[in-house]
């Protein structure tokens, strides 16, 4: 059973690649999975030209609002980056229900947008900034793992003030 906000799903033993490609998930123990987004995917009509880089490593998620689940995905590449993927919660629920009922999403689109998660970075505490719109000038290397924390994760005034995604690199 998976609990994702108000969505609870019982999954079976198969896994599906949405684009018909090779599935990179091997569910066990009666679980079922389907891909939300994969390497090279570039959602159309989202206002961004962002094809998902390869080597997914860390991931975090939180509800931006009742309608949007945001994924932060870091990429363990030589010029590493972090992607922001927004999912439509209602459509994601429908896709999950369809997979349970018919072993297919039924063509329901739930990825609203994908882009680089930041548009600038600083290595000196914000004294100067480097603008970036792709992973060719991030100067980050080999992000590994990652985790997200919602604001006030541990109660009022406990934890981070904002939603935060933490990863490391070399």
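The values are calculated or read from the model by the stated rules, or taken from the named source; none is laboratory data. Please read these numbers as outputs of a predicted model, since none were measured by experiment. Note: ideal-geometry Cβ built from the backbone for every residue, glycine included; neighbour counts use all protein chains shown.
Once region 86-108 is narrowed to residues that are in contact with a strand residue (DSSP E or B) (Cβ under 8 Å, 6 or more places away or on another chain) and exposed (fewer than 15 other Cβ atoms within 10 Å of the Cβ), the residue that is farthest from residue 70 (Cα to Cα) is 103. Here residue 68 fits the description: within 20 Å of residue 35 (Cβ to Cβ), surrounded by 13 or more Cβ atoms within 10 Å (Cβ to Cβ) and at pLDDT 90 or above. Contact map, region 104-131: first residue under 16 Å from residue 46 (Cα atoms), second residue exposed (fewer than 11 other Cβ atoms within 10 Å of the Cβ), Cβ cut-off under 8 Å, separation 6 or more or different chains; pairs are 113/47. In region 122-170, the qualifying residues are those that are in a loop (DSSP other than H, G, I, E, B), surrounded by fewer than 16 Cβ atoms within 10 Å (Cβ to Cβ) and on the phi > 0 side of the Ramachandran plot, and the one that is modelled with the highest pLDDT is 126.
Considering only region 61-75, state which residues are in contact (Cβ under 8 Å) with a residue 24 or more places away in the chain and touching a helix residue (DSSP H, G or I) at 6+ places or on another chain (Cβ under 7 Å). Once the filter is applied, which keeps residues that are in contact (Cβ under 8 Å) with a residue 24 or more places away in the chain and touching a helix residue (DSSP H, G or I) at 6+ places or on another chain (Cβ under 7 Å), region 61-75 yields 68, 69. Number of residues in region 147-163 that are farther than 14 Å from residue 117 by Cα and touching a residue at least 12 places away in the same chain (Cβ under 8 Å): the value is 4. In region 41-60, the residues that are without any contact (Cβ under 8 Å) to a residue 24 or more places away in the chain and on the phi > 0 side of the Ramachandran plot form Cβ pairs under 7 Å with partners that are in a loop (DSSP other than H, G, I, E, B) and buried (at least 17 other Cβ atoms within 10 Å of the Cβ), at six or more places apart or across chains, as follows: 55/76; 55/77.
Residues in region 76-103 that are free of Cβ contacts under 8 Å to residues at least 40 places away in the same chain and within 25 Å of residue 50 (Cα to Cα): 83, 84, 86, 88, 90, 91.
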